[in-house]
Each structure stands twice: as structure tokens, then as C-alpha cells.
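Since every read-out is calculated from the coordinates, none of them should be taken as a lab result. All values derive from a computational prediction rather than experimental measurement. Cβ coordinates were reconstructed from backbone atoms using ideal geometry, including for glycine residues, and neighbour counts include every protein chain displayed.
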Amino acid sequence: MKPRYVVDTNVLIAASAADPQQPKDIDATPADPGLRLQVWAWLDRFRSSEARMVLDTDNKIYEEYTNKLGFNDFGIQVVMHKWSTAATDDVTVQYDADGHGVLPSSLVPVVHDLADRKMIAAALEAVSTYGVAPIAFAGDTDWHEWEDHLVRHGLALEPIIEPWSRAKFAQKKLR
């Protein structure tokens, strides 16, 4: 584990769907239960580790989490655990008039998923403030598309189920 992470919402969703204690019947990617369990295992290790969770001071990342998951879902419980153990790093993210994270101008034409802009903006601020702060993701292959651009801005990615997400991205590029 790295010292801190920005955790993409798809990680919390997939892990909640695979939670061995309270599996949740929710739409999650990937659909494969074994892959979901790998995501759950990563999030469970993250929960019990000393790694910190990066959140924004305006709570827009948390709002996205709770838009997709309920209080008792495993993913939200991990966030609550990090909060209750003072294992979060809050960063200031600038938001535009539409509520999307403001990015450097060179990333604007690259990052087409407006919801992910807040994750990137939080990671950029976390790297600037604390050093290492990779973005952990699972079911969203867009991160691979943006990877080279993000790396040029000092960001790192942690694909939790990398063989699957790289294969899905390769398929997507063929379309």
C-alpha cells in the first residue's frame, strides 16, 4: 500500500457488491464475482492499513460515493472507518460553475468524464501537498486512456484488477 490514495467510486461499488458479510445486489463493474472479490480484498486491506484516504474539503467526492451506495455498504463503511480513525487527508479542490473539478488546461480536452475530474483534481492537490497519492480504480477503463497524460502531471494510477482493466481497455480501443 502507498501512504495515501484517491479511491475512485467504482472501487467502493465493486467491493460492496462482493462483500462476503453483506453482498449488495447492485450494478457493478466488473460483473465477474471473482474479480469483484479481488476489489473487495484490496479495499479491505486498504481499510485495515495505515494508508490514508484523500477526500476534498467540499465533500463532493463523498457525495458521489453516497449517490451510488448506502450507509451500510462496505465501501461507505471503509470511508467511515478512515474518517473515524483520522486517516483522511482533505484537500482543496477548485470546482467550476457546473460543479466539476478544475484541471490544468492540458488535461481538459483529455479527461472527458466530468465526474472523474474531481478525483484527478484531488490527486493533483494531494501530490502537491503530500507527495505520493495514486488514484486507485477497478472497473473504469478510462483511466488507462488518460494514463500517459496524468503521469506527465505527476500522478500515478493503481489499477486494482489490472489484467482485466487493460484487456477491457484494449477491447474498447478496437471499437
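So the values come out like this:
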{"quantity": "Partner lysines for Lys168 [C-alpha distance under 30 Å; skip if fewer than 8 residues away on the same chain]", "calculated": "Lys2, Lys24, Lys60, Lys68, Lys118"}
{"quantity": "³J(HN,Hα), Karplus 6.51/-1.76/1.60, whole Hz, each residue of the range 38-55, x for Gly, Pro", "calculated": "5, 5, 4, 4, 4, 5, 5, 5, 4, 4, 8, 8, 7, 4, 9, 9, 8, 10"}
{"quantity": "Summed residue charge, Cβ within 13 Å of Pro20's Cβ, Lys/Arg positive, Asp/Glu negative", "calculated": "0"}
{"quantity": "The range 83-118-the range 2-67 distance, computed between alpha-carbon centres (Å)", "calculated": "18 Å"}
{"quantity": "Calculated P(r) tail over 15 Å for the range 71-168, as whole % of Cα pairs", "calculated": "66 percent"}
{"quantity": "Amide H contacts under 5 Å for Val91, placed H, 5+ residues apart", "calculated": "Leu55, Asp56, Thr57"}
{"quantity": "The range 1-59: C-alpha gyration tensor shape, a/c 1.5 cut-off, then a/b vs b/c", "calculated": "prolate"}
{"quantity": "Distance cut-off 26 Å, percentage of C-alpha pairs in the chain lying past it", "calculated": "24 percent"}
{"quantity": "Among Ala86, Ala122, Ala97: highest mean-square fluctuation, GNM of the chain, C-alpha pairs under 10 Å", "calculated": "Ala97"}
{"quantity": "Average Cα contact separation per residue, the range 4-174, under 8 Å, 6 or more apart, as relative contact order %", "calculated": "26 percent"}
{"quantity": "Neighbour-limited loop hits for chymotrypsin sites (Phe, Trp or Tyr not before Pro), the range 41-119 (at most 16 other Cβ within 10 Å; DSSP other than H, G, I, E, B)", "calculated": "Phe71"}
{"quantity": "Antiparallel %, DSSP beta bridges [both residues in the range 4-174], to 5", "calculated": "10 percent"}
{"quantity": "Chain lengthening between Gln22 and Glu162 when straightened (0.36 nm per residue, less Cα-Cα)", "calculated": "47.9 nm"}
{"quantity": "Gaussian network model of the chain, Cα within-10 Å springs - most flexible of Asp19, Asp56, Asp96", "calculated": "Asp96"}
{"quantity": "Cα gyration tensor shape for the range 135-175, rounded if a/c is under 1.5, else prolate or oblate", "calculated": "oblate"}
